[in-house]
Amino acid sequence: MAANRPFVILLVEDEFADAALFEELLSEISPDITLHRVENGQQALDLLSHRAGGSRALRPHLIVLDLNMPVMNGIEFLREAKTRDDLRSIPVLVLTTSDSPDDVQRAYHDHASGYVVKPGTYDEYHQLLTTIESYWRGTLRLPTVEQLTP
């Protein structure tokens, strides 16, 4: 079954409470998923480009991206990441509070793989992450991490 495969998510989220809830729920749903978190798009690009100490760059199976962040917001991250050959094929799921049609259009125009508005309750968030885990890790066929590495 797909749940036995290693799976790595990069969460790009500046709000500590939102990131902590995401991590808590994900660990309940699928404790074997490896989660990395950064606070803005620039930190994400840095982590995806190289690792501290000269080790390999991170290659997650999925990037979960907030839009409204300091330094480099989600749209700026998408625009930069999707122009890079080494990052283009990594799927990016936007998870944000914005329900603005302009933000939805902009995210898809800049090659987001999906767009989801953050739910308002704990139970809704749990259901959403269960769906995300099932879809991105189980139902959907993604390239292997090795195939994502140039």
Discussion item. Between 71, 94, 117, where does the largest GNM mean-square fluctuation fall for the chain, given springs only between Cα atoms within less than 10 Å?
Written reply: 71
Worksheet item: For the chain, what is the mean residue ellipticity at 222 nm derived from helices alone (per DSSP H run of n ≥ 4: -39500 (n - 2.57); sum divided by total residues; nearest 500 deg cm²/dmol)?
Response: -10500 deg cm²/dmol
Fill in: Sequence-distant residues sharing a close amide H with residue 115 (under 5 Å, placed H)
94
Worksheet entry | Note, ³J(HN,Hα) from phi for segment 116-127, Karplus 6.51, -1.76, 1.60, rounded to Hz, x at Gly and Pro | 9, 8, 4, x, x, 10, 4, 5, 5, 5, 4, 5
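Given N residues in segment 1-123, what is Rg(Cα) / (2.2 N^0.38 Å)? All intermediate terms of the calculation are to be shown ahead of the outcome.
Values: Rg = 14.1 Å, N = 123, 2.2 N^0.38 = 13.7 Å.
Against the compact-globule rule of thumb, the ratio is 1.03.
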Discussion item. Quick check: at a probe of 1.4 Å, how many percent of the accessible area of the chain sits on carbon and sulfur atoms?
Written reply: 51
Discussion item. Using only the Cα atoms of segment 81-134, what semi-axes does the equivalent ellipsoid have when each is the square root of 5 times a gyration tensor eigenvalue? Give whole Å, largest first.
Written reply: 23, 15, 6
Discussion item. With equal scatterers on the alpha carbons only and no solvent term, can you work out the Debye log10 of I(q)/I(0) for segment 56-109 at 0.12, 0.14, 0.29 1/Å?
Written reply: -0.27, -0.37, -1.33
Worksheet item: Over the chain, what is the percentage of antiparallel beta bridges among all DSSP beta bridges, to the nearest 5?
Response: 0
Worksheet entry | 3J(HN,Hα) from dihedral phi, segment 64-79, Karplus parametrisation 6.51/-1.76/1.60, rounded to Hz, x for glycine, proline | 9, 10, 7, 8, 8, 9, x, 6, 9, 7, x, 5, 4, 4, 4, 4
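The values are calculated or read from the model by the stated rules, or taken from the named source; none is laboratory data. Computed from a prediction, not measured in an experiment: that's the story for all the values here. Surface accessibility is based on the protein's heavy atoms, side chains included, excluding ligands, DNA and RNA. Shrake-Rupley method; radii C 1.70, N 1.55, O 1.52, S 1.80 Å.
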